[in-house]
Structure formats: C-alpha cells, structure tokens
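Chemist: Okay, handing you the structure first.
The values are calculated or read from the model by the stated rules, or taken from the named source; none is laboratory data. Values in this document were obtained by computation on a predicted structure and should not be read as measured data. Note that each Cβ is placed from the backbone with ideal geometry, even for glycine, and that neighbours are counted across all protein chains shown.
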Amino acid sequence: MRQHILVFRELPPDQLARLQAVHDVTVANPRVPAQLPAFQAALATAVGMIGSSYPVDEALLAAAPQLKVISSVSVGVDNYALSALAARDVMLCHTPGVLDETVADTVFALLMASSRRIVELSNLVREGRWTKNIGEDLFGFDVHGKTLGLLGFGRIGQAIARRAALGFGMPVLYHARRAVDLATQAPELQGRALHTPMNELLARADIVVAMLPLSSSTRGMIDTSVFGAMKPGAIFINGGRGATVQEDALLQALDHGTLRAAGLDVFATEPLPMDSPLRTHPKVTALPHIGSATFETRHAMAELATTSLLQALAGERPAAVFDTAAY
Ligand code: 8YV
C-alpha cells in the first residue's frame, strides 16, 4: 500500500527514487524557510519520516498523528524526544556502524592537526609568513607513542583505538559505563586498550578524546573538574556531541594552560555562532561537524536509513532500530 513519507533533509537521488517507487513522498526541509509550510502541512498525514539535524519534539509529534516510523540519517539520536516517541509507539531507526571508520578518521585528523598545529602552520605558509626555518616556537608534539584516553568506547571509540594502538603505537585507556569484552568485540585490541577509572585516565592521558552520545547523563559532564584532572599540557578532542562539554570550562582550560590545544568537530550550538571565542581561539582547531561527511559514508547512511524506512513500512523489523523505551 502506498503510504505518505516526509523527507525532511535532502536524500541522494537514487535513495529518493527507491522511496518514490513504493510510496507517496513529500520533500520539505524545515530548515529552509520557504519549505517550512510544506513541511508543516505534510506532517498531518505523514506515516514515515526520514532525515536528520532537526529537533523532533512533543509539539512536532502532536502535529503528526499518523506517524509510525522516523528513520534518522544519523547514528546520534539526541534530536529526538525519545520518551515521547516511545509513548506514541513511533519507531526510531538510525544509522550505526556505516559511519564508524569515517568518523574515526575525522577524529584522528583532528588529533594530528591539533598536536602538530597543521592549520596554524598551513596558514603561516598561505599568508606568506614562512620566511625562515621554523624554530621551537612553531614546534608541535609527537602523537606516536603517546597515551590516548577515550571517553566513550562504542564502535567509533574502538575504531579510534585501533588507529591509535595499531597504527601509532599508542597505549589506549578508555572509560565507559562498563568494560568491553575485547576478546569477542575487538580481539585486535586485547592487551592494547584498558578500561580505566575516569580520574586515572585523565591523569595519565596525553590526548583525551571524547566520543560520547548526548543524553541526560552526559550533558555538560566534561566540566572544570574534568579539565582540571587532566595532565598539564594535554590535548582535548571532541568528536561526539558539543553539549557534553561545558565550553566555558574548556576556554578556561585553554586560556590558563591546563590544555595545550583542542580539536573540535562538534559544539553546543551548531553552526558555531560568530561570537563564540572557540571560533578564533589560537589553540583550537575547529571543524563544521564533518565527522561522517564523505561522499561514500553519507551515501551509505542514506541507503541504510532508506532501507530501514521501507522495511518498517512493509511491517518488517529494520536492522537498526533505536530502543526508545530504554529512555
Ligand atoms: C550526522 C552525526 O551527519 O550521525 C551522527 O550522529 O553526528 C552525523 O553523522 C549528523 O548528525 C547529521 O546532522
């Protein structure tokens, strides 16, 4: 039976065509002012929605009485009112797995760029300021052999640990709600990644990477006490969600020397406001949330999200359903 689907963020044409072949599709991006009326009108009869980067809250759900399934083109689900979805028995699909390696690459690029001051020194050349052999004032810090501390050790955290331990000879410490059974989940990391209490990890890590989802328990958890417990001169990377970090505390740590540098792909407010001190801070390498932003991976995410939506609307159990009832 053809059902009404609302596409609220642009899909690759081949994936849009898969949906249009089976269902009646409205494409309306609420972030584009001219498309907002069409988006709001379509909500009334939408049975399925697919997209990302837009808050789906109680008010929106109240305007979508027919809604049965949302397929998010993201692994993170912090844009969704999870308990409201559970209460309305609206299924939420997401895209875990297909982006792990790409996000891990992004995090490692940030880690290397922050440690070796890549952006700053590339700008020095670009701006014609390379006029003599560089001196100690422009030296960076080695990455290979340094101790990596991971806050969060899910699939992406483990992909980062593989790069660090196997590619850069880095001892890896990780902190997570529970230890991971490496023998079954990541045998290549056995003896190379250690489940470590938070304060010990912070005291020992040369580079701390946050790879945390955003939830009520992680919001603002990286605060002054966390930065204060870090090794003097540590480097901080955030590849998960900006709101897990108290950005004022981060600025303090950067300005008062606890942190040598920070590499940030995510921020509490995105896009980063023009007046954010993080945008121009000399010790910060900032990226516009590009974790998964490659042609291959964004297409793979859209493909998985489209498949999940088609399966759900056909009454099948999609591969990647997020357990909203747990929230
Ligand atoms: C998404 C991400 O592209 O998947 C996630 O959770 O953060 C990114 O891969 C982004 O959420 C889309 O806005």
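Chemist: For residues in the stretch 274-308 being hydrophobic (A, V, I, L, M, F, W, C) and within 30 Å of Arg18 (Cα to Cα), which is farthest from the ligand (Cβ to nearest atom)?
Modeler: Applying the filter and picking the extreme gives Phe295.
Chemist: A follow-up question, please. Just to be sure I understand the filter: pairs with C-beta atoms under 9 Å, separated by 6 or more residues or on different chains, first member in the stretch 281-297 and assigned to a loop (DSSP other than H, G, I, E, B), second member among the charged types (D, E, K, R) and within 12 Å of the ligand (Cβ to nearest atom). Which pairs pass?
Modeler: As it stands, the answer is Leu287/Asp265; Pro288/Asp265; Pro288/Glu270; His289/Asp265; His289/Glu270; Ile290/Asp265; Gly291/Asp265; Ser292/Arg298, since those pairs meet every condition given.
Chemist: Restricting attention to the stretch 104-113, does a residue exist that is within 16 Å of the ligand (Cβ to nearest atom), among the polar types (S, T, N, Q) and within 23 Å of the chain's Cα centre (by Cα)?
Modeler: yes
Chemist: Got at least one residue in the stretch 15-30 being assigned to a helix (DSSP H, G or I), touching an Asp or Glu at 6+ places or on another chain (Cβ under 7 Å) and closer than 30 Å to Arg241 by Cβ? Reasoning before the result, please.
Modeler: As a first pass, look at the stretch 15-30 and keep what is assigned to a helix (DSSP H, G or I): 15-20.
Filter once more, so that each one left must be touching an Asp or Glu at 6+ places or on another chain (Cβ under 7 Å): 15.
In the following step, the residues that additionally are closer than 30 Å to Arg241 by Cβ were identified as 15.
Yes, the conditions are met somewhere in the stretch 15-30.
Chemist: Restricting attention to the stretch 136-153, does a residue exist that is touching a Gly at 6+ places or on another chain (Cβ under 7 Å) and crowded, with 16+ Cβ neighbours inside 10 Å? Show your work before the answer.
Modeler: Going residue by residue through the stretch 136-153, those that are touching a Gly at 6+ places or on another chain (Cβ under 7 Å) are 144-145, 150, 152.
Add one more test, that the residue is crowded, with 16+ Cβ neighbours inside 10 Å, and what stays is 150, 152.
Yes: one or more hits.
Chemist: Which condition from (1) over 23 Å from the mean Cα position of the chain (by Cα); (2) under 23 Å from Glu101 (Cα atoms) is the one that Gln252 breaks?
Modeler: Every condition holds for Gln252 apart from (2).
Chemist: Any residue in the stretch 213-229 that is under 26 Å from Ala326 (Cβ atoms) and modelled with pLDDT of 95 or more sitting within a Cβ distance under 7 Å of a residue that is among the charged types (D, E, K, R) and surrounded by fewer than 19 Cβ atoms within 10 Å (Cβ to Cβ)? List the pairs, counting only those 6 or more apart or interchain.
Modeler: Every condition considered, the pairs that remain are Pro213/Asp78; Leu214/Asp78.
Chemist: All but one of (1) under 18 Å from Leu148 (Cβ atoms); (2) at pLDDT below 95 hold for Ala262; which doesn't?
Modeler: So Ala262 meets the others, but not (2).
Chemist: List every residue pair whose Cβ atoms lie under 8 Å apart, where the two residues are 6 or more positions apart in sequence or sit on different chains, the first residue falls within the stretch 153-167 and is touching a residue at least 24 places away in the same chain (Cβ under 8 Å), and the second residue, located anywhere, is among the hydroxyl-bearing types (Ser, Thr, Tyr).
Modeler: Phe153/Tyr174; Gly157/Tyr174; Ala161/Tyr174
Chemist: Let me ask you something else. Only one of Ser217, Ser225 is over 18 Å from the mean Cα position of the chain (by Cα) and either part of a loop (DSSP other than H, G, I, E, B) or under 30 Å from Tyr80 (Cα atoms) (or both). Can you tell me which?
Modeler: Testing whether each residue is over 18 Å from the mean Cα position of the chain (by Cα) and either part of a loop (DSSP other than H, G, I, E, B) or under 30 Å from Tyr80 (Cα atoms) (or both) leaves just Ser225.
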